[in-house]
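Heads up: the structure comes next, in structure tokens.
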Amino acid sequence: MNKLVYDQIGETVYKEKLENGLTVFLLPKSEMAKTYSIFSTNFGSIDQTFVPINETKQINVPEGVAHFLEHKMFEKEDRDVFADFGKQGASANAYTSFTKTAYLFSATDQIEKNIETLLDFVQNPYFSEESVEKEKGIIAQEIEMYNDQPDWQSFMGTLRALFHHHPVKIDIAGTVDSIYAITKDDLYTCYNTFYHPENMTLFIAGNFNEQRIMDLIRRNQTSKDFAELENINRGYPEESASAARKENKMTMPVSVPKCTVGIKESSSELSGDEFMKKDLLQDMVVDFYFSKGGPFYQQLYEKQLIDASFYFETTLEKNFGYTFIGGNTSEPDHFADTVRDLLKSTREALFSSEEVERMKKKKIGQLLRAMNSLEFIANQYIHYETVGADLFGIIPAIQSLTVEDVNNFSRNWIEDERIAVCKIVNE
């Protein structure tokens, strides 16, 4: 095991890449009562075009297949794995995002048994034609439910306005039509390609002995056979820097209209220090302007354009990124125009050294509070690891940011052609 010591935050991570390619991270924290484990594959809803393992020709799979696969993994020929975790005192779950699929549990007892259950069920798929057909109706109902939720439709509607071709504009669950096109063979093809240990990460944080747990994982993985995997050849369509359209307007039965202003932050591939720096600057600048007490929040509030539903979020992934500012508003046109004007004003703004120091201290404080959560650490560590960055190197990265870095980002942040608006109004 490689021992990674982070003196600044008082953490020690043990890392090992096993012979089968699986990367394991262990973060022992004896002061914690529980242990949290996450087994993640670098396979999300945007991975629809790829060359399957041991093949040479690129294929396209139906939209929503990663999410469908996640649903089916818990169901085995003779049982439901959720019941296994329940009997062992663990709370288990899973999720699919645009970029990854993750299986997880938290527990205070029988940690070793639960880790083996996690590894074994994810690495032993069972799909039958009958169970696949049954699942289609269940997921179709889930899709229809989200189709009726204005908040989700606002989110996806903004992505569709921002992105021309990138699959991030496609709902993670797919569509009812695409779900019914999925076959058992599609699931096995995706599983065999993307659920190879070489493409997966196991992160365990909590109250355990690192040597004992690593020995257990080694034994478990040595007992299984996996075909050799070269780099996975994924295909993503070319995406321009500009937004796909200026406005996406939808009608739904809402009591108060919704409006979201989206900024297309990235459409090219970023990694390592470049990714970390952009991620931090993007987050800190948006937070400075739009958090409560921020100058843009105050103006929107004083003009009575926002209520308690107001939100902002910013996301950066390896080959896409976006920022959303939105909420309920009785004047969606006025809200959109005002936010656009406020964003454009950032081109002329200059941050002082005092403001930048406050931004940095606030961000560090937010991170240190978040790092009290095992779930946050495990999920974010994997997120940064996937793009060649280190979560526990983030505080030195913040401290190294200069006034010039922030001002250069702010000056070049907003371009008219990268802004889009999504409005949901009453039918």
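Residue check, Asn319 against (1) closer than 18 Å to Asn412 by Cα; (2) at pLDDT below 95, all met but one. Which one?
Here Asn319 clears every test but (1).
Can you pull out the residues in the range 1-33 that are in a loop (DSSP other than H, G, I, E, B), closer than 28 Å to Phe85 by Cα and either among the β-branched types (Val, Ile, Thr) or within 24 Å of the chain's Cα centre (by Cα) (or both)?
Gly21, Leu22
Here are the criteria: (1) at pLDDT 95 or above; (2) in contact with a helix residue (DSSP H, G or I) (Cβ under 8 Å, 6 or more places away or on another chain); (3) part of a helix (DSSP H, G or I). Tell me which single one Glu357 does not satisfy.
For Glu357, the failing item is (2).
Between a first residue in the range 63-89 that is in the same structural domain as Thr101 (by TED's automatic domain parsing) and a second residue that is acidic (Asp, Glu) and surrounded by fewer than 21 Cβ atoms within 10 Å (Cβ to Cβ), which pairs have beta carbons less than 7 Å apart while being 6 or more apart in sequence or on different chains?
Val65/Asp186; Phe68/Glu135; His71/Glu135; Lys72/Glu135; Phe74/Asp80; Gly89/Asp109
What number of residues in the range 327-365 are touching a strand residue (DSSP E or B) at 6+ places or on another chain (Cβ under 7 Å) and either farther than 18 Å from Pro295 by Cβ or not assigned by TED's automatic domain parsing to the domain that holds Ser266 (or both)?
4
For the list (1) closer than 19 Å to Ala420 by Cβ; (2) touching a helix residue (DSSP H, G or I) at 6+ places or on another chain (Cβ under 7 Å), I need the number of the one condition that Phe288 fails.
Here Phe288 meets the rest and fails (1).
Scan the range 220-240 for residues that are over 12 Å from Phe50 (Cβ atoms) and surrounded by 12 or more Cβ atoms within 10 Å (Cβ to Cβ) and jot them down.
So the first thing to find is which residues in the range 220-240 are over 12 Å from Phe50 (Cβ atoms), and the list is 220-230, 237-240.
The answer is Asn220, Gln221, Lys224, Phe226, Leu229, Glu239, Ser240.
Being buried (at least 19 other Cβ atoms within 10 Å of the Cβ) and among the hydroxyl-bearing types (Ser, Thr, Tyr) is the filter here, so list the residues in the range 312-337 that pass it.
Thr314, Tyr322, Thr323, Thr329
Would you mind stating whether His166 is at pLDDT below 95 and within 18 Å of the chain's Cα centre (by Cα)? If you could, list the steps in order and put the result at the bottom.
Details: at pLDDT below 95: no; within 18 Å of the chain's Cα centre (by Cα): yes.
No, not satisfied.
For the range 210-318, please list each of the strands (runs of 3 or more DSSP E) lying entirely inside it that holds at least 2 residues being assigned by TED's automatic domain parsing to the domain that holds Lys15, of a type in the set (A, V, I, L, M) and over 23 Å from Gly44 (Cβ atoms).
On the way: elements: 247-252, 258-266, 311-317.
Because the criterion is at least 2 residues that are assigned by TED's automatic domain parsing to the domain that holds Lys15, of a type in the set (A, V, I, L, M) and over 23 Å from Gly44 (Cβ atoms), no strands (runs of 3 or more DSSP E) in the range 210-318 meet it.
Restricting to the range 129-166, what's the tally of residues that are assigned to a helix (DSSP H, G or I) and either polar (S, T, N, Q) or within 30 Å of Lys76 (Cβ to Cβ) (or both)? I'd like the intermediate steps shown before the answer.
So the first thing to find is which residues in the range 129-166 are assigned to a helix (DSSP H, G or I), and the list is 129-147, 150-162.
From what's left, either polar (S, T, N, Q) or within 30 Å of Lys76 (Cβ to Cβ) (or both): 129-147, 153-154, 158.
The number of residues fulfilling the criteria is 22.
So that you can scan it fast, the table gives a plain yes or no per residue for (1) over 17 Å from Leu229 (Cβ atoms); (2) free of Cβ contacts under 8 Å to residues at least 12 places away in the same chain; (3) surrounded by fewer than 17 Cβ atoms within 10 Å (Cβ to Cβ); (4) not assigned by TED's automatic domain parsing to the domain that holds Leu69:
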site	(1), (2), (3), (4)
Tyr6	yes, no, yes, no
Ile9	yes, no, yes, no
Val13	yes, no, no, no
Leu22	no, no, no, no
Phe25	yes, no, no, no
Ala33	yes, no, yes, no
Pro52	no, no, no, no
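Give the residues of the range 176-209 that are touching a strand residue (DSSP E or B) at 6+ places or on another chain (Cβ under 7 Å) and either in a helix (DSSP H, G or I) or acidic (Asp, Glu) (or both), sorted by residue number.
Listed by number, the residues that qualify are Thr193, Phe194, Asn199.
The values are calculated or read from the model by the stated rules, or taken from the named source; none is laboratory data. Just so you know, these numbers come straight off a predicted model, no measurement behind them. Glycine also receives a Cβ, built like all others from the backbone with ideal geometry; neighbour counts cover every protein chain displayed.
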